[in-house]
1. State whether one or more residues within the range 148-157 are modelled with pLDDT of 95 or more, of a type in the set (D, E, K, R) and in contact with a Gly (Cβ under 9 Å, 6 or more places away or on another chain).
2. For residues that are open to solvent by 10 Å² or more (accessible area, probe 1.4 Å) and small (G, A, S), scanning just the range 212-234, find the one that is farthest from Q47 (Cα to Cα).
3. Can you find, within the range 105-129, the residue that is farthest from the chain's Cα centre (by Cα) among those that are of a type outside the set (D, E, K, R) and modelled with pLDDT of 95 or more?
4. Every residue in the range 195-204 that is in contact (Cβ under 8 Å) with a residue 40 or more places away in the chain and not hydroxyl-bearing (S, T, Y), please.
Amino acid sequence: MGRGIGPALLLAASLAAGCGVQAHLGPHQAQLSGGHNGFTKVEGYDQSLTTMGFAVYDATGMILAALTGAGSVAQAQNAGGGTVVFRAPVPGLWTMFEYTVGSADGFDYRLGAARMNIHTWQLSDAEPEHKLGWGLGFYGVSYTANDNTEDAWALPLSLAWTLPVLPGLTTSLSASLDPLNPVLAGGTGGEYWFSYEASARLDWMALDWLGAFALGQARQTPADTGETQTRDLYLQFGLMAFFGDRP
C-alpha cells in the first residue's frame with residue numbers, strides 16, 4: 001500500500017500542471033511548386049481536400065520524457081547496444097503534439113508536429129489572458145501522389161500574441177520562421193528557401209475545462225533542399241478539453 005503512495009502523489013502533482021486533448025477538421029488547400037522530380041506530372045500540383053486529426057496538450061512533462069526515453073532506446077538498438085537514458089518528467093513546459101491527415105483523388109497528406117511554449121510574458125495585470133509567447137517547434141509534412149512522396153520539415157521559432165475579447169473568448173495571432181531551411185536550401189542553390197507559418201485563432205471556453213476553436217493558417221516549407229516547395233492553406237474547427245491548468 002505504502003509503495004503506491006509516492007508514484008500516485010507524483011502522478012497527481014504532474015496532472016495538476018495541466019494536460020488536454022483536441023479533435024479538429026476543416027478544408028485544406030495543398031500545393032507543391034517546382035516539379036523537379038517524379039512527384040508531379042506537370043509543373044506544380046494543387047489539391048483541395050478535407051483534413052482531420054487530433055492534438056495532445058501536455059504540461060506534465062510525461063510525454064516528452066517518454067519520447068526522449070523511446071529515442072534513447074532506438075539509438076541504442078541502432079548502435080548495437082549502449083546506454084539507455086530515461087529522463088524524469090519536468091512539469092510546467094506546455095507542449096502540443098499534433099497529427100493531421102487527409103486524402104482526395106489519389107492524393108494523401110500527413111502532418112506530424114510538436115510545439116513547445118518556451119516562455120510567456122503577461123502583458124496586463126488586469127487581463128491574465130493578454131500575453132505574448134515565444135515558442136519552438138518541429139513539424140514534418142508529407143505529400144503522396146502519382147506513386148511518389150514528397151516530405152518537408154521545419155524547426156520554426158514562433159511568437160504568439162493572445163488577446164482576450166470577451167469573458168471566455170480569446171483571439172491569438174502567431175507567426176513563425178524556420179532559420180535552418182534557408183541556410184540549407186540557399187547553400188545548395190535551391191530555388192525555394194523561405195519557410196514560414198502564420199495563423200489566427202479564436203478560442204471559446206464554454207466551461208473551465210471544455211472549449212471550441214477556429215483556426216486559419218498558411219504554411220510554406222521548402223523540400224529537397226529547395227528544389228521543390230510545399231504550401232498549405234487551411235481552416236480548422238474543433239473541440240478541446242483540459243485537465244488541471246490550461247495554456
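1. No, the range 148-157 contains no residue that is modelled with pLDDT of 95 or more, of a type in the set (D, E, K, R) and in contact with a Gly (Cβ under 9 Å, 6 or more places away or on another chain).
2. Among those that are open to solvent by 10 Å² or more (accessible area, probe 1.4 Å) and small (G, A, S), it is A212.
3. Y109
4. Within the range 195-204, E197 is the sole residue that qualifies.
To keep it simple, each residue is scored yes or no on (1) more than 19 Å from G226 (Cβ to Cβ); (2) not in a strand (DSSP E or B).
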{"site": "R115", "(1), (2)": "yes, no"}
{"site": "P128", "(1), (2)": "yes, yes"}
{"site": "L136", "(1), (2)": "yes, no"}
{"site": "Y139", "(1), (2)": "no, no"}
{"site": "E150", "(1), (2)": "no, no"}
{"site": "L159", "(1), (2)": "yes, no"}
{"site": "V165", "(1), (2)": "yes, no"}
{"site": "A175", "(1), (2)": "yes, no"}
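The values are calculated or read from the model by the stated rules, or taken from the named source; none is laboratory data. Everything quoted here is computed from the prediction, not taken from an experiment. In this analysis, Cβ positions are derived from the backbone assuming ideal geometry, glycine residues included, and neighbour counts consider all displayed protein chains. Note: accessible area is taken over every heavy atom of the protein model, side chains too, but ligands, DNA and RNA are not part of it. Shrake-Rupley method; radii C 1.70, N 1.55, O 1.52, S 1.80 Å.
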